[in-house]
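> Quick one: the structure is below, and I'll ask about it shortly.
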Amino acid sequence: MTRRSPTLEAFRALLCRPSFGLAEIAWRWSFGAAASLLLAFSFFEYLDTLPVSRGDLLLLRTTQPILISRAVSHIFRGTGFRAVVAAVVLVLTLGIAWVAIASLGRAATLKALVAHFCPDNISTLGHQRKSMRLRSLFTLNFFRLGATLAAAVGCLAAVLLGGAASRPTDPAPGTALLIFLTLAMLVWLAWSTLNWLLSLATIFVVADGQDSFGAIAAAVDLCRTRAGSVFAAGTWFGLAHITAFVVATSLVAFPFAFAAVLPAGVVLAGVLLATLLYSAIADFLYVGRLAAYVAIVEMPESPVSAEVLPPPSPHTGEFLNPNIQSSPAVDASELILSDVPASS
């Protein structure tokens, strides 16, 4: 029996059904566009609240860096609290919106992937309670949001600890940088591992109807029992992602090479186009890796073909060789001299 590769099956699914990647791009980019508009609107509203006096305008029009910096510091004086409050409100609002949209989008994507790799599971998916699945997905994505906020706090702590190691009386920029990079790397490793595990757990919520903690336990069990397949799928799609990043970086550097010749708008459009192309490929690869994990879950390992042995001989208890053809002139049930017990 030929064993199918989950990674190849995932690439085949992306080629045959590009709607998987397009669906991922639809909900991700929709949220990104809405978040960008909200951030831009909030920024301009914040700028409208800043008081600008005639003296500040006069300093700004001097085109002198020192006078401009003094005017800017006077304009933003006393507005730090409002900026912090606005940032906290925006982060919480966008975080809650992301949890809701990501849960709905992931439920639709995973349901399509499970139906693609296991058509017999469609009826089972239909009988599962949708509210239960969405509640579990909300919980897992809320955990991911909490992990991201904790990672941000950890990076801030790394900055503070690095700054504490370098004092004005005893400057040590190398030590501060080393402390920051070490702590930031540890925080990133912890966050990426936890985020990946929670993303993997969403498969078991949709495919098996597990609750949040049951899905996390199933994801850990999958990594323990089929670590080779999981590692292979992550490695191949990771290499594809790195290749796409290198190519996109080269494409971004190409318009900058003609920055002295082309207009600034053309250069900016080229950079934006390369960035959008890379983002689309990254979303396709993310769905492909998710499809590989779904294939690992839905396609069990091929059993090892064992040699079928004939039943043992009723007289000697030994297994007969099936390749030896018995002669029709010999009766297999008739006792021979070797089968007769020796007389005492």
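> Starting from segment 253-278, keep only residues that are over 20 Å from H241 (Cβ atoms) and touching a residue at least 24 places away in the same chain (Cβ under 8 Å), then list their pairs with residues that are exposed (fewer than 13 other Cβ atoms within 10 Å of the Cβ) and of a type in the set (A, V, I, L, M, F, W, C) whose Cβ atoms are within a distance under 7 Å, requiring at least 6 positions of separation or different chains.
Listed pairs, sorted by first residue: none to list.
> Within the group L37, L60, L50, which residue is surrounded by 15 or more Cβ atoms within 10 Å (Cβ to Cβ), over 20 Å from the mean Cα position of the chain (by Cα), of a type outside the set (G, A, S) and more than 17 Å from I281 (Cβ to Cβ)?
The unique qualifying residue is L60.
> If you go through segment 63-78, how many residues are farther than 30 Å from V91 by Cβ, surrounded by 11 or more Cβ atoms within 10 Å (Cβ to Cβ) and of a type outside the set (A, V, I, L, M, F, W, C)?
Number satisfying all stated conditions: 2.
> Scan segment 251-268 for residues that are modelled with pLDDT of 80 or more and touching a Pro at 6+ places or on another chain (Cβ under 9 Å) and jot them down.
The answer is V266, V267, L268.
> Shifting gears a bit: Looking at segment 188-201, I want the residues that are without any contact (Cβ under 8 Å) to a residue 60 or more places away in the chain and at positive phi and have a partner that is of a type in the set (A, V, I, L, M, F, W, C) and surrounded by 15 or more Cβ atoms within 10 Å (Cβ to Cβ) with Cβ atoms under 6 Å, at least 6 apart or on another chain. Which pairs are those?
Cβ pairs passing all conditions: none.
> Could you please find all residues in segment 118-133 being at pLDDT 75 or above and over 20 Å from the mean Cα position of the chain (by Cα)?
C118
> Exactly one of these conditions fails for A34: (1) over 19 Å from V91 (Cβ atoms); (2) modelled with pLDDT of 85 or more; (3) not basic (K, R). Give me its number.
(1)
> OK, next. Looking at segment 93-103, is at least one residue farther than 30 Å from F44 by Cβ, part of a helix (DSSP H, G or I) and at pLDDT 90 or above?
yes
> So V88 ticks every box in (1) surrounded by fewer than 17 Cβ atoms within 10 Å (Cβ to Cβ); (2) at pLDDT below 85; (3) among the hydrophobic types (A, V, I, L, M, F, W, C) but one. Which box is left unticked?
Going through (1) surrounded by fewer than 17 Cβ atoms within 10 Å (Cβ to Cβ); (2) at pLDDT below 85; (3) among the hydrophobic types (A, V, I, L, M, F, W, C) one by one, V88 breaks only (2).
The values are calculated or read from the model by the stated rules, or taken from the named source; none is laboratory data. Small disclaimer: the values here were computed from a predicted structure and weren't measured. Cβ atoms come from the backbone with ideal geometry, glycine included; neighbour counts cover every protein chain shown.
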